[in-house]
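As structure tokens, the structure follows; a few thoughts come after it.
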Amino acid sequence: MIINKSSKIFVAGHKGMVGSAIIRCLESNNYINIIKRDRKTLNLINQEETKSFFEYEKPEIVIIAAAKVGGILANSSLQAEFLYENLSIQNNIIHSSHLCKVKKLIFLGSACIYPKLSNQPIKEEMLLTGPLEPTNEGYAIAKISGIKMCQYYYELYNRNFISLMPNNLYGQNDNFDLESSHVLPALMRKFHEAKISDKPNVEIWGSGKALREFLHVDDLAAAVLFALENIGAKDISAMGKTHLNVGSGEEVSIKQLANILKELVNYEGKMYFNETKPNGTPKKLLDSSIINNLGWSAQISLNDGIANLYNWYKGRLG
């Protein structure tokens, strides 16, 4: 389908790290009719409220960046909440989009949908081939359900609903709360505060050996725009896929990440790897060759992205 710059676009979760990056990307590319609703004016967990919103606004395009998200601590201790809230948000938005005949929908998930011990790099067809990582199983099951909903609405009703699965995201408007954040912003805050308070060491969960692929949120936003303008459900189905991976292709260990942050912050103390804490999935590198071959690739290196985020973080602290 041809996307008009004046098409009515609803970005669910526009205030979050991902949603705000998508808004910036759309606006910089002259999309002028973007619908924004925060939690105070639209409760996406409420089915009737979501349905009424869609009937009133009649968006032509929907991008789902709304989700309950968190790091290993939040995920592992709040499995029921992560499963319930994410299922509710997705179900309400996707089903309302179907009922209101939305022309295109993009559902954003996470690389945690894949089995804990997937072959590397992880191809899209690895979905549902083995047990999930236990610490974020609830969140992963919700995201898998979202992929399947989009697939089924295309197959049964020809709805142009597609799913993109990014790897570990970071960037402007990230969450730095140590109780609920992901590893990169959590470590950045730990090193920064340790430097300011002259703390002798920084604790890091796990052995530091786990490998991770990080994607800057502005690169994901560019991928969303690319998919919006160039990729349809018919294209993904024709390739025998249910979704597309979106990754940077750049992999580092948690120990390497910690060293990058330690040097960037100029922290002179020591690092302590607490091996009584979970490592999570040992390795998680996506095979993003399909979307790369279609024309999108990540542009922001990890070092540049982290440096930009640290500058933003310090500015936020005043």
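The values are calculated or read from the model by the stated rules, or taken from the named source; none is laboratory data. Here the structure is a predicted model, which means the values were calculated and not measured. Neighbour counts run over all protein chains shown; Cβ positions are idealised from the backbone, glycine included. These area figures cover heavy atoms from the full protein model, side chains too; ligands, DNA and RNA do not enter into them. Shrake-Rupley method; radii C 1.70, N 1.55, O 1.52, S 1.80 Å.
Determine if region 27-42 includes at least one residue that is of a type outside the set (A, V, I, L, M, F, W, C), over 21 Å from Asn173 (Cβ atoms) and open to solvent by 20 Å² or more (accessible area, probe 1.4 Å). Within region 27-42 (the criterion being of a type outside the set (A, V, I, L, M, F, W, C), over 21 Å from Asn173 (Cβ atoms) and open to solvent by 20 Å² or more (accessible area, probe 1.4 Å)), the answer is yes, since at least one residue qualifies. Selection within region 230-250: residues that are in contact with a strand residue (DSSP E or B) (Cβ under 9 Å, 6 or more places away or on another chain) and not in a loop (DSSP other than H, G, I, E, B). The member of this set that is surrounded by the fewest Cβ atoms within 10 Å (Cβ to Cβ) is Asp235. All of Gly280, Gly295, Gly315, Gly269 fail the test of being at pLDDT below 95, more than 26 Å from Asn136 (Cβ to Cβ) and among the small types (Gly, Ala, Ser), apart from Gly315. Total residues in region 1-35 satisfying the condition of being part of a strand (DSSP E or B) and in contact (Cβ under 8 Å) with a residue 60 or more places away in the chain: the figure is 1. The residues listed here are Asn245, Asn259, Asn266; of these, the one that is of a type in the set (S, T, N, Q), within 19 Å of Tyr310 (Cα to Cα) and in contact with a helix residue (DSSP H, G or I) (Cβ under 7 Å, 6 or more places away or on another chain) is Asn266.
Do we have any residue at all in region 117-139 that's open to solvent by less than 10 Å² (accessible area, probe 1.4 Å), modelled with pLDDT of 95 or more, over 17 Å from the mean Cα position of the chain (by Cα) and not polar (S, T, N, Q)? Within region 117-139, none of the residues are open to solvent by less than 10 Å² (accessible area, probe 1.4 Å), modelled with pLDDT of 95 or more, over 17 Å from the mean Cα position of the chain (by Cα) and not polar (S, T, N, Q). Just one of the listed residues (Ile106, Ile89) is within 17 Å of the chain's Cα centre (by Cα), crowded, with 17+ Cβ neighbours inside 10 Å and in a helix (DSSP H, G or I), namely Ile89. Restricting the first member to region 161-190 and to residues that are more than 22 Å from Ala298 (Cβ to Cβ), and the second to residues that are in a strand (DSSP E or B) and open to solvent by 10 Å² or more (accessible area, probe 1.4 Å), the beta-carbon pairs closer than 8 Å and six or more apart or on different chains are Lys190/Glu203. When Ala227, Ala222 are checked against the criterion of being open to solvent by 30 Å² or more (accessible area, probe 1.4 Å) and either in contact with a Lys or Arg (Cβ under 8 Å, 6 or more places away or on another chain) or small (Gly, Ala, Ser) (or both), Ala222 stands alone in meeting it.
For the list (1) assigned to a helix (DSSP H, G or I); (2) open to solvent by 60 Å² or more (accessible area, probe 1.4 Å); (3) not hydroxyl-bearing (Ser, Thr, Tyr), I need the number of the one condition that Gln299 fails. All conditions pass for Gln299, except number (1). Close Cβ contacts (under 7 Å, 6 or more residues apart or on different chains) running from residues in region 44-73 that are on the phi > 0 side of the Ramachandran plot to residues that are assigned to a loop (DSSP other than H, G, I, E, B) and among the hydrophobic types (A, V, I, L, M, F, W, C) comprise Lys58/Cys100. From the list Lys209, Lys262, Lys195, Lys190, the lone residue that is surrounded by fewer than 17 Cβ atoms within 10 Å (Cβ to Cβ), outside any loop (DSSP other than H, G, I, E, B) and out of contact with any Pro (no Cβ under 6 Å at 6 or more places or on another chain) is Lys195. Restricting the first member to region 117-137 and to residues that are over 18 Å from Val246 (Cα atoms), and the second to residues that are open to solvent by 80 Å² or more (accessible area, probe 1.4 Å) and of a type in the set (A, V, I, L, M, F, W, C), no beta-carbon pair is closer than 6 Å while six or more apart or on different chains. Just one of the listed residues (Ile306, Ile300, Ile254) is touching a Gly at 6+ places or on another chain (Cβ under 9 Å), under 30 Å from Asp198 (Cβ atoms) and not aromatic (Phe, Trp, Tyr), and it is Ile254.
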